[in-house]
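Participant: This is the structure, below, for whatever I ask next.
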Amino acid sequence: MVARVIPVDPFDLVVFGATGDLARRKILPALCRRFAEGQMPPEARIIGAARSEMSRDEFLQMTSDAFDEFLGASAPDATTRAAFFERVDYVAVDALGEDGWKELAGTLRDGVVRAFYFSVGPALFGPLAEHLSRFGMVTPETRIVVEKPFGTDLATARALNQTLAAHFNETQIYRIDHYLGKETVQNLMAVRFANIFFEPLWNARFVDHVQITVAETVGVGGRGPYYDKSGAMRDMVQNHLMQLLCLMAMEPPHKFDPDAVRDEKLKVIHALDPVEPKDVVRGQYLGNAQNPSYKTEVENAESTTESYIALKVGISNWRWKGTPFYLRTGKRLRSRVSEIAVAFRDPPHSIFGEDAPWKANTLVIRLQPDEGMTLKVMIKEPGPGGMRLKDVALDMSFAEALGDDVHIPDAYERLIMDVIRGNQTLFMRGDEVEAAWAWTDPIIAGWKASGDRPKEYDPGSSGPEEALKLIHLDGRSWREIR
Ligand code: BG6
């Protein structure tokens, strides 16, 4: 099955921070991939912008090296690169000064979509917005794309929203959470709202609990200075896990349209209960022969920042009251797995007797890797000797179901094309980000006030022991991270 490609309108896309890690690792490869798939019209142009003085040729060489480094076997061939590079330019711009701005303005065309991607640290978001407006580059067809972290708490997020609002309408601001661009995350909406049989069961009456897991094997690597100030709560829960929770828990929007979807997500965030300290476990990884400890990696022997967090979250609304959502995410864990597991309640009465080996029906949506879905159902074990029950998995891998030639696009491919198309459905609205911080801030303040220290865990494990207790106390257990 070959994916359908609908070309977008002509555009000028300026990538600020074009020599940085995210641009080289994700944004430029995503653009080349969309080009190779035939989604970019011949008039599309990409302008790299960064502080470094370099020629266009040097920038193209850097981009080409990035393809080799980050795309490996799927890197574009020489012909595709050459054709893609015809659309690419470079301008040196000083985000905090005056250099380069007139030249940048001179490269832009009238009458086409203009997108400015802020792939820079948050301290530069305001100065970039101000320069774009002062140098007359903001047209009605202009959009800005703002990377995370969108603030570090409610106050900073609010200030950032106000700064951006001084120069752009909300409909021009695209706050990226790349989890929303993942195919399987979008698929969560398809599963819920394009099928009749899940939605009637999707509530506290039939769902015992939900587990959302985003486990990583990587450590913090070279991002220590950022991460040690942030930790898993700010880096992952406030945004990525929060988005998964919202899509999982929200009411059906009346249509798949930006504000209809975002209104429903916002209602979920408003309905989240405050989290008590006993319902949070923070962890920090130790080192072993192969890998340095967290403290060594961030070069802070006193660090109390969490590289792992598990929380129990309640939602106070009619649909979910009484069904806990257990969230966990961490680095240097046993394996890389992101999934949402919906554990259903037991049937009200067993006709097979009280001691039939009962296993709850569970729907697991695997976000990555091996994207797919598994539904655990009870069946009769074949053979004579009475009614013996057994749980089996109805297992579906998207790669198998859709055919091997289906390329599951990287989240950035989808999201950047949505910016050009002017579709904000998969981007966070300003009030949504603020509400997420308003819920997060007291949790962080709680452990700061109590002097909570993260529990240690071994690299390659599934997190600290205390996280097991968090869920065991409720008579439940985490799904294994394998
Ligand atoms: C980023 C976080 O937003 O998401 C990283 O800052 C994390 O710490 C990454 O590793 C995970 O993304 P993915 O797509 O690899 O699951």
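The values are calculated or read from the model by the stated rules, or taken from the named source; none is laboratory data. Since this is a predicted model, take the numbers as computed values, not measurements. As a convention, Cβ positions derive from the backbone with ideal geometry for all residues, glycine included, and neighbour counts pool all protein chains shown. For the accessible areas, the whole protein counts, side chains as well, though only heavy atoms, and no ligand, DNA or RNA atoms are used. Shrake-Rupley method; radii C 1.70, N 1.55, O 1.52, S 1.80 Å.
Participant: Any residue in the range 160-184 that is over 15 Å from R262 (Cβ atoms) and away from the ligand (no atom under 16 Å from the Cβ) sitting within a Cβ distance under 8 Å of a residue that is open to solvent by less than 20 Å² (accessible area, probe 1.4 Å) and of a type in the set (S, T, Y)? List the pairs, counting only those 6 or more apart or interchain.
Facilitator: Cβ pairs passing all conditions: F168/T142; Q172/T142.
Participant: Moving to a separate point now. So G353 clears everything in (1) assigned to a loop (DSSP other than H, G, I, E, B); (2) closer than 25 Å to D273 by Cα; (3) not basic (K, R) except one condition, right? Which one?
Facilitator: In the conditions (1) assigned to a loop (DSSP other than H, G, I, E, B); (2) closer than 25 Å to D273 by Cα; (3) not basic (K, R), G353 misses (2) alone.
Participant: Inside the range 1-114, counting only helices (runs of 4 or more DSSP H) that do not spill past its ends, which hold 2 or more residues that are over 22 Å from L415 (Cβ atoms)? Break it down stepwise before answering.
Facilitator: Working: elements: 28-36, 56-71, 78-85, 101-107.
It comes to 56-71, 78-85, 101-107.
Participant: Determine whether the range 382-399 contains at least one residue that is surrounded by 16 or more Cβ atoms within 10 Å (Cβ to Cβ) and touching a residue at least 60 places away in the same chain (Cβ under 8 Å).
Facilitator: yes
Participant: Another question, then. Here are D370, D346, D355: which of them is modelled with pLDDT under 95, within 16 Å of the ligand (Cβ to nearest atom) and either within 30 Å of Q290 (Cβ to Cβ) or out of contact with any helix residue (DSSP H, G or I) (no Cβ under 6 Å at 6 or more places or on another chain) (or both)? Spell out how you get there, then give the answer.
Facilitator: Values: D346 fails: within 16 Å of the ligand (Cβ to nearest atom); D355 fails: within 16 Å of the ligand (Cβ to nearest atom).
Selected residue: D370, the only one of D370, D346, D355 that is modelled with pLDDT under 95, within 16 Å of the ligand (Cβ to nearest atom) and either within 30 Å of Q290 (Cβ to Cβ) or out of contact with any helix residue (DSSP H, G or I) (no Cβ under 6 Å at 6 or more places or on another chain) (or both).
Participant: Does V419 meet the test of being within 30 Å of F116 (Cα to Cα), aliphatic (A, V, I, L, M) and either surrounded by 21 or more Cβ atoms within 10 Å (Cβ to Cβ) or touching a strand residue (DSSP E or B) at 6+ places or on another chain (Cβ under 7 Å) (or both)?
Facilitator: On the way: within 30 Å of F116 (Cα to Cα): yes; aliphatic (A, V, I, L, M): yes; either surrounded by 21 or more Cβ atoms within 10 Å (Cβ to Cβ) or touching a strand residue (DSSP E or B) at 6+ places or on another chain (Cβ under 7 Å) (or both): yes.
For V419, the condition - within 30 Å of F116 (Cα to Cα), aliphatic (A, V, I, L, M) and either surrounded by 21 or more Cβ atoms within 10 Å (Cβ to Cβ) or touching a strand residue (DSSP E or B) at 6+ places or on another chain (Cβ under 7 Å) (or both) - is met.
Participant: Please go through the range 16-36 and give me each residue that is under 15 Å from A75 (Cβ atoms) and open to solvent by 40 Å² or more (accessible area, probe 1.4 Å), ordered by number.
Facilitator: R24, R25, K26, R33, A36
Participant: Determine whether E58 is without any contact (Cβ under 8 Å) to a residue 60 or more places away in the chain and under 29 Å from the mean Cα position of the chain (by Cα). Spell out the reasoning first.
Facilitator: Working: without any contact (Cβ under 8 Å) to a residue 60 or more places away in the chain: yes; under 29 Å from the mean Cα position of the chain (by Cα): no.
Here the answer is no, as E58 does not meet what is asked.
Participant: If you don't mind, there's one more thing I want to ask. Please work out if V145 is β-branched (V, I, T), touching a Leu at 6+ places or on another chain (Cβ under 9 Å), assigned to a strand (DSSP E or B) and open to solvent by less than 40 Å² (accessible area, probe 1.4 Å).
Facilitator: Values: β-branched (V, I, T): yes; touching a Leu at 6+ places or on another chain (Cβ under 9 Å): yes; assigned to a strand (DSSP E or B): yes; open to solvent by less than 40 Å² (accessible area, probe 1.4 Å): yes.
Yes; evaluated as a whole, the condition is true for this residue.
Participant: Identify the residue in the range 154-167 that is surrounded by fewer than 22 Cβ atoms within 10 Å (Cβ to Cβ) and in contact with a helix residue (DSSP H, G or I) (Cβ under 7 Å, 6 or more places away or on another chain) and, among all such residues, is farthest from D441 (Cα to Cα). Walk me through how you get there before you give the answer.
Facilitator: Taking the range 154-167 first, the residues surrounded by fewer than 22 Cβ atoms within 10 Å (Cβ to Cβ) are 154-156, 158-159, 161-163, 165-167.
Cutting the leftovers down to in contact with a helix residue (DSSP H, G or I) (Cβ under 7 Å, 6 or more places away or on another chain) gives us 154, 158, 161, 163, 167.
Details: L154: 7, R158: 13, N161: 17, T163: 21, H167: 28 Å.
So, considering only residues that are surrounded by fewer than 22 Cβ atoms within 10 Å (Cβ to Cβ) and in contact with a helix residue (DSSP H, G or I) (Cβ under 7 Å, 6 or more places away or on another chain), the one farthest from D441 (Cα to Cα) is H167.
Participant: Considering only residues that are assigned to a loop (DSSP other than H, G, I, E, B) and open to solvent by less than 40 Å² (accessible area, probe 1.4 Å), look in the range 440-459 and name the one that is farthest from Q243 (Cα to Cα).
Facilitator: Let us first name the residues in the range 440-459 that are assigned to a loop (DSSP other than H, G, I, E, B), namely 451-454, 458-459.
Then drop every residue that is not open to solvent by less than 40 Å² (accessible area, probe 1.4 Å), which leaves 454, 459.
Numbers: P454: 25, P459: 27 Å.
Only one residue tops the list, namely P459.
Participant: How many residues are open to solvent by 10 Å² or more (accessible area, probe 1.4 Å) and more than 18 Å from V210 (Cα to Cα) when one looks only at the range 261-281?
Facilitator: Looking only at that region, the number is 8.
Participant: Let me ask something else. Just to verify a result, which residue in the range 213-237, among those that are more than 9 Å from the ligand (Cβ to nearest atom) and hydroxyl-bearing (S, T, Y), is surrounded by the most Cβ atoms within 10 Å (Cβ to Cβ)?
Facilitator: Ranking the qualifying residues of the range 213-237, first place goes to T213.
Participant: Quick one: H240 ticks every box in (1) within 16 Å of the ligand (Cβ to nearest atom); (2) closer than 30 Å to A204 by Cα; (3) assigned to a loop (DSSP other than H, G, I, E, B) except a single one, so which number is it?
Facilitator: Going through (1) within 16 Å of the ligand (Cβ to nearest atom); (2) closer than 30 Å to A204 by Cα; (3) assigned to a loop (DSSP other than H, G, I, E, B) one by one, H240 breaks only (3).
Participant: Read through the list (1) without any contact (Cβ under 8 Å) to a residue 24 or more places away in the chain; (2) buried (at least 20 other Cβ atoms within 10 Å of the Cβ); (3) of a type outside the set (K, R), then give the number of the only condition that A44 fails.
Facilitator: Here A44 clears every test but (1).
Participant: Which residue, of V145, V112, V138, is β-branched (V, I, T), farther than 28 Å from A445 by Cβ and within 16 Å of the ligand (Cβ to nearest atom)? I'd like the intermediate steps shown before the answer.
Facilitator: On the way: V112 fails: within 16 Å of the ligand (Cβ to nearest atom); V138 fails: within 16 Å of the ligand (Cβ to nearest atom).
The unique qualifying residue is V145.
Participant: Any idea which residue in the range 185-202 is nearest to L124 (Cα to Cα), counting only those that are within 16 Å of the ligand (Cβ to nearest atom) and polar (S, T, N, Q)? First the steps, then the outcome.
Facilitator: First pass over the range 185-202, keeping only residues within 16 Å of the ligand (Cβ to nearest atom): 185-188.
Narrowing the set further to residues that are polar (S, T, N, Q) leaves 186-187.
On the way: Q186: 30, N187: 34 Å.
Applying the filter and picking the extreme gives Q186.
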